[in-house]
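Right, one structure below, let's go through it.
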Amino acid sequence: MAKTRLMMLGPPGAGKGTQAQRLSDHLNVPQISTGDMLRNARRSGSELGLKAAAFMDAGDLVPDDVVIGLVAERLKESDAENGFILDGFPRTVEQAEALEAMGVKLEAVVNIVVSEDEVIRRLGGRLSCPNCGASFHSEFQPPKVEGICDECGSPLMRREDDRPEAIRGRLVAYNAKTQPLVEYYRQVGVLREIDGVGSPDHVYERLLKAID
Ligand SMILES: [Zn+2]
């Protein structure tokens with residue numbers, strides 16, 4: 001039987017969101033991202049939810065214990081009874097330990113492995129139209145005329161943080177934060193590493209095998 005209490009890891013550009021969404025539909029378990037959860041916290045009306053909202057309203061980072069409490073509340077909801085896919089949480093070893101201390105045991109932590117060069121190729125090729133918002137990719141989805149929007153004829157732009165130096169910086173930050181977590185889950189024995197190179201269909205096949 002496929003494992004259903006999962007967490008996804010992977011650098012920007014690894015296709016983590018796409019894969020998690022697909023898996024969520026397939027397993028019929030919710031994909032739980034910290035961002036969505038915090039945005040919904042206020043609506044939940046719970047004591048913790050309101051506490052989180054107060055931090056966000058003040059422009060402050062929501063402290064670990066509040067985030068962890070919210071995750072625990074979210075995992076008790078009926079749609080998560082048969083499993084869940086955590087996305088963006090835990091972020092640190094401390095959060096991972098706290099999650100475990102609350103009795104939440106992950107069955108598999110899937111790390112989508114993609115080389116730095118491949119991430120730069122994927123993110124660095126993204127182009128968008130500042131006029132109509134259409135998006136292109138210099139390699140995977142090139143516009144008919146180089147540098148020009150198919151839809152409206154405006155010159156295409158590359159986002160500042162998609163420039164190679166910026167991408168390298170984002171990867172350094174990601175690795176520094178995530179590596180201890182990877183090691184933690186390796187020791188726990190639930191880490192599954194899959195090759196993120198290839199078409200989304202191929203990566204998804206590997207993902208299904210990894211959680212089987
Ligand atoms: Zn356009």
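The values are calculated or read from the model by the stated rules, or taken from the named source; none is laboratory data. All values reported here derive from a predicted model rather than from experimental measurement. Ideal geometry is used to build each Cβ from the backbone, glycine not excepted, and the neighbour counts take in all protein chains shown. Surface areas here come from the heavy atoms of the whole protein model, side chains and all, with no ligands, DNA or RNA. Shrake-Rupley method; radii C 1.70, N 1.55, O 1.52, S 1.80 Å.
Take every DSSP beta bridge whose two residues both sit in the chain; close to 25 percent of them are antiparallel. Accessible surface computed residue by residue for the chain, with neighbouring protein chains in place and a 1.4 Å probe, gives 55 Å² per residue. With all protein chains in place and a 1.4 Å probe, the accessible surface of the chain carries 51 percent carbon and sulfur.
Using a Förster distance of 35 angstrom, determine the FRET efficiency expected from the C-beta separation of Gln179 and Glu151, and round it to 0.05. It would help to have the intermediate numbers written out before the result.
On the way: r = 41 Å, r/R0 = 1.18.
My answer for the efficiency is 0.25.
Positive end of the dipole of the chain (Cβ unit charges, origin at the Cα centre): among Ser46, Pro11, Gly198, the Cα lying farthest that way belongs to Gly198. Taking a quarter of the surface of the Cα convex hull of the chain gives a mean projected area of 13.4 nm². Between Gly88, Gly196, Gly153, the Gaussian network model of the chain with springs among Cα atoms under 10 angstrom shows the greatest mean-square fluctuation at Gly153.
Scaled to the compact-protein estimate 2.2 N^0.38 Å, what is the alpha-carbon radius of gyration of region 31-72, rounded to two decimal places?
Details: Rg = 9.1 Å, N = 42, 2.2 N^0.38 = 9.1 Å.
Normalised by 2.2 N^0.38 Å, the Cα Rg of region 31-72 equals 1.00.
The ellipsoid that matches the Cα gyration tensor of region 54-101 has semi-axes, each √(5λ) in whole angstrom, of 21, 14, 9, with the longest given first. Using a 10 angstrom Cβ neighbour count of at most 10 plus a DSSP loop assignment to flag exposed trypsin sites (Lys or Arg not before Pro), which longest range of the chain is free of such sites? By the stated rule (loop sites, at most 10 other Cβ atoms within 10 Å), 1-75.
Show me the chymotrypsin sites (Phe, Trp or Tyr not before Pro) within region 106-212 that DSSP assigns to loop and that have at most 11 other Cβ atoms within 10 Å of their Cβ. Numbers along the way, then the final one.
Values: sites: Phe136, Phe140, Tyr174, Tyr184, Tyr185, Tyr204; in loops: Phe140.
The qualifying sites are Phe140.
Label separation (Asp64 vs Arg168): 3.2 nm, computed from points 7 Å beyond Cα along the C-beta direction. Between Glu107 and Ala2, the distance separating the two model label sites (each 7 Å from Cα on the Cα→Cβ line) works out to 1.0 nm.
The listed residues Glu151, Glu146, Glu118, once ranked by accessible area (1.4 Å probe) with the largest placed first, stand as Glu146, Glu151, Glu118.
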